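Step one of this worksheet: look at the structure below.
Just so it is clear, none of the values below were taken in a lab; they were calculated from the coordinates. All values derive from a computational prediction rather than experimental measurement. FYI the Cβ positions are ideal-geometry reconstructions off the backbone, even for glycines, and counts take in every protein chain you see.
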Amino acid sequence: MDTALLSALLLGVAVFFGFMAVFPGPSTEAARVGDQIRAWRSGRVAGAAELIGKARLELSPRTLIAITIVGPLALGLVGLLVSPIVALIGLGVGLVLPRLYLRYLVGSEARAADEDAPRVLRAMVNRASAGGTYPDLFTAAAEVARHRWVRSDFEEATARYYANEPLREALLELRRRQASRNLRLVYDALAVAVRTQQAASAAGEVLTSLGEAARANRSIARAAAAESRGLRLQAAILAVVIPGLFLYLSAVNPELIAPATSTALGQFVLLPAGVLLEVTGIVLSWRITRLEA
């Protein structure tokens, strides 16, 4: 073989591997970025699914994510027709409103389920003391539960047990739907007992202590609600007085508030700032006075 041809071939191979070393191609960085995007997307979908399960909504996780993205943009565009400040307020309302609504639903579900927790635990402990098995415990809980979702979950646990599904996985899946902290502890205890292959009577001993804790939590929650009721009433009065005073002055003496309603400074700065401070005060007052066990 000619020496020049061999040298050219070796030089080409060296250049090729040099470029491969300098530019390793999209396989590493692109794969890493793609994995991060997929992990972030999976985390968002899983979080949305858990929140929907706790709120007991008939909604897909992707629909909820779409609402949280499209809602603020839509309100921002509508507000932009008025002024940029109103557009920012609309954007903020679109970001906060779905979260507040879901939190309200989850809180309502948690309170309703917590009312059932001591009753359910007492029935399960009694059935375990009588020598019942795990499906007997679930059936006893479903019989005394008054809240429909609590009853439905225990009925589903019984059905999945007789369908020969892995009981621990079924309990953990049901646990992710629970908004009540007491019932989450119940499902955790049952899942641990099943994983360690303990008898239902042994699980009943753990549920006995959980029943005492659930009753204590309910008494604390009722005391906290009684204490916070007066504070919420004061916050509601303050929240109504300021807008009411503004409407009263606008009807009785419009000239007095004309700088806030007739000037560019008032329309684009003072009024939006006043609305923003009012909403912020209401939200903060609600969060401060929201005492829970």
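The GluC sites (Glu not before Pro) of the stretch 237-292 meeting both criteria, a DSSP state outside H, G, I, E and B (loop) and at most 15 other C-beta atoms within 10 angstrom of the site's C-beta, are Glu292.
For labels at Leu276 and Val192 in the simple 7 Å Cα→Cβ model, what's the distance in nm? Label-label distance for Leu276 and Val192, simple model: 4.8 nm. If R0 is 45 Å, the Cβ-Cβ spacing of Leu88 and Glu115 corresponds to a FRET efficiency of close to 0.65. Distance between the 7 Å Cα→Cβ label points at Glu255 and Ala130: 8.2 nm. Peptides 136-143, 195-202 ordered by packing proxy, namely the average of other Cβ atoms within 10 Å per residue, highest first: 136-143, 195-202. Measuring r between the beta carbons of Leu265 and Leu245 and using R0 = 22 Å, the FRET efficiency lands at 0.60. Computed across the stretch 110-219, the Kirkwood radius stands at 13.4 Å (inverse of mean 1/r, all Cα pairs). Can you bin the stretch 33-105 into rounded, prolate or oblate? Criterion: square roots of the alpha carbon gyration tensor eigenvalues sorted a ≥ b ≥ c, rounded for a/c under 1.5, prolate for a/b above b/c, oblate for the rest. Because a/c hits 1.5 or more and a/b fails to exceed b/c, the stretch 33-105 counts as oblate.
Relative to one another, the C-alpha centroids of the stretch 76-101 and the stretch 144-166 are positioned 42 Å apart. Taking label points 7 Å from Cα along the Cα-to-Cβ direction, Val78 and Ser108 give a separation of 2.2 nm.
Computed from the C-beta positions of Gln36 and Ile69, the FRET efficiency with R₀ = 25 Å rounds to 0.85.
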